[in-house]
1. Can you name the residue in region 111-132 that is under 21 Å from residue 48 (Cα atoms) and within 16 Å of the ligand (Cβ to nearest atom) and is also surrounded by the most Cβ atoms within 10 Å (Cβ to Cβ) among such residues?
2. Has region 238-247 got at least one residue that is in contact with a helix residue (DSSP H, G or I) (Cβ under 8 Å, 6 or more places away or on another chain) and either of a type in the set (Lys, Arg) or more than 30 Å from residue 70 (Cα to Cα) (or both)?
3. Condition first: outside any helix (DSSP H, G or I) and touching a strand residue (DSSP E or B) at 6+ places or on another chain (Cβ under 9 Å). Now tell me which residues in region 15-40 satisfy that.
4. Quick one: which of 204, 258 is part of a loop (DSSP other than H, G, I, E, B), more than 16 Å from the ligand (Cβ to nearest atom) and among the small types (Gly, Ala, Ser)?
5. State the number of residues belonging to region 232-251 that are more than 20 Å from residue 285 (Cα to Cα) and in contact with a strand residue (DSSP E or B) (Cβ under 8 Å, 6 or more places away or on another chain).
6. Any chance region 159-173 includes a residue that's within 17 Å of residue 32 (Cβ to Cβ) and within 16 Å of the ligand (Cβ to nearest atom)?
7. Can you work out which of the residues in region 79-110 that are within 16 Å of the ligand (Cβ to nearest atom) and of a type in the set (Phe, Trp, Tyr) is surrounded by the fewest Cβ atoms within 10 Å (Cβ to Cβ)?
Amino acid sequence: MLTLDNHDEYAKLDAGRMLHFLRELPEVAEAAFDRGQAARLPIAQPRCVLICGMGGSAISGDLIRTQLVGACDVPVVVHRGDQLPRFAGPDTLAIFMSYSGNTGETLGCLRQAIARGVPSVVVTHGGEAGKLAEQHGLPTVSMPAGWMPRAALGDLFFALLGVVSQLATCESPDVVGAVANLRALRDRIDETVVTKENPAKRLALALHGKTPVVVGATPTTEAVAVRWKCQLNENSKQTALVAILPEATHNDIVNLTASSHSGHHLIVVTDPEDSEFVRRQRAITLDLMRPFVGGVHEIEGQGDSLLARQLTAIYMGDYVSVYLGFLKGVDPTPVDTIFALKDRMKVAMEGVR
Ligand code: PA5
């Protein structure tokens, strides 16, 4: 089996240079935040913030939503779909996240927002969303070229944070602290650190041949768990499940304790801000599940703020997913089926609005 300590050996698999893009995440954050802050807000005091996007572009919305649950006076809703929710109106701030600018669902919502006069901001590299934004004079935060959407998390997320942090009802985030924590973690888990001292490589080895089940909690770590699952799907080409507490105690807990799941490996993401209810419930849940699963790993992000902890917990998952991809002999970058499906949908939707 390939060893993660011989970089030359697995560098051949990394034709899309995912490790390079991963390394850049902390480096792009502050500039992206500034670009987001410089975008003109089309409404100063919205009654609701609506974030539309899919996949690697939507996850930034999830992170913002979960951070703002306890820190923002207005509701933040993340929408993954092609129809703009009916509640979106003149008092909504709608933010459209699409790295490529060509994602059908996000474009569907954007077109409806323009038709309905919903105050909108577009975060994109360009594509059709970029064109629509230009035609209709919508404030736009531009993304750099050449990234896979999921690898552009540093740009997409911090740009969104910059936009949202302009709202008077939201607290200002500690971007500098979060970036420092990301850099410190990178020093511990990047490809130059040998497996013996590298928790991300060790976890990738433990997951190899297993089905990961990533357990998060509402609201602190649910977006982190979803990101882990998606990165395992796309970078490692690995089936992965996600279970969010407390909801998971009302369904997932049944099947996971009904029979042996020795091929399933739990990755439990915790946070010091988890409520006492969640802590106790998680302990009992793990007690019940442990005898049925192959292994349990606990992960906690680093830093004084939820922002820093969410991002470092995600960064760990990103590295694990790339290392697991290498162990499976796959290039983490290509997601051919996503592109093929988008191409077919473009044809299928021709003439339909
Ligand atoms: O990771 C990916 O490539 C996907 O999940 C995309 O982010 C998703 O298809 C949406 O594309 P975009 O981010 O360009 O709108």
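The values are calculated or read from the model by the stated rules, or taken from the named source; none is laboratory data. This is a predicted model, so every value here is computed, not measured. Neighbour counts run over all protein chains shown; Cβ positions are idealised from the backbone, glycine included.
1. 123
2. Residues of region 238-247 that are in contact with a helix residue (DSSP H, G or I) (Cβ under 8 Å, 6 or more places away or on another chain), as a first pass: 238-246.
With the extra rule that they be either of a type in the set (Lys, Arg) or more than 30 Å from residue 70 (Cα to Cα) (or both), the set shrinks to 238-239.
So far as region 238-247 goes, yes, one or more of its residues are in contact with a helix residue (DSSP H, G or I) (Cβ under 8 Å, 6 or more places away or on another chain) and either of a type in the set (Lys, Arg) or more than 30 Å from residue 70 (Cα to Cα) (or both).
3. Here is the first cut: in region 15-40, the residues outside any helix (DSSP H, G or I) are 15-17, 39-40.
Matches in region 15-40: 39, 40.
4. Values: 204 fails: part of a loop (DSSP other than H, G, I, E, B).
Exactly one residue qualifies, and that residue is 258.
5. Taking region 232-251 first, the residues more than 20 Å from residue 285 (Cα to Cα) are 232-239.
Subsequent filtering for residues that are in contact with a strand residue (DSSP E or B) (Cβ under 8 Å, 6 or more places away or on another chain) retains 232, 238-239.
Qualifying residue count for the region: 3.
6. yes
7. 96
For every residue, the table says whether it meets (1) loosely packed, with under 14 Cβ neighbours inside 10 Å; (2) touching a Cys at 6+ places or on another chain (Cβ under 6 Å); (3) at pLDDT 95 or above.
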| position | (1), (2), (3) |
| --- | --- |
| 9 | yes, no, no |
| 12 | yes, no, no |
| 20 | yes, no, yes |
| 23 | no, no, yes |
| 28 | no, no, yes |
| 35 | no, no, yes |
| 38 | yes, no, yes |
| 44 | yes, no, no |
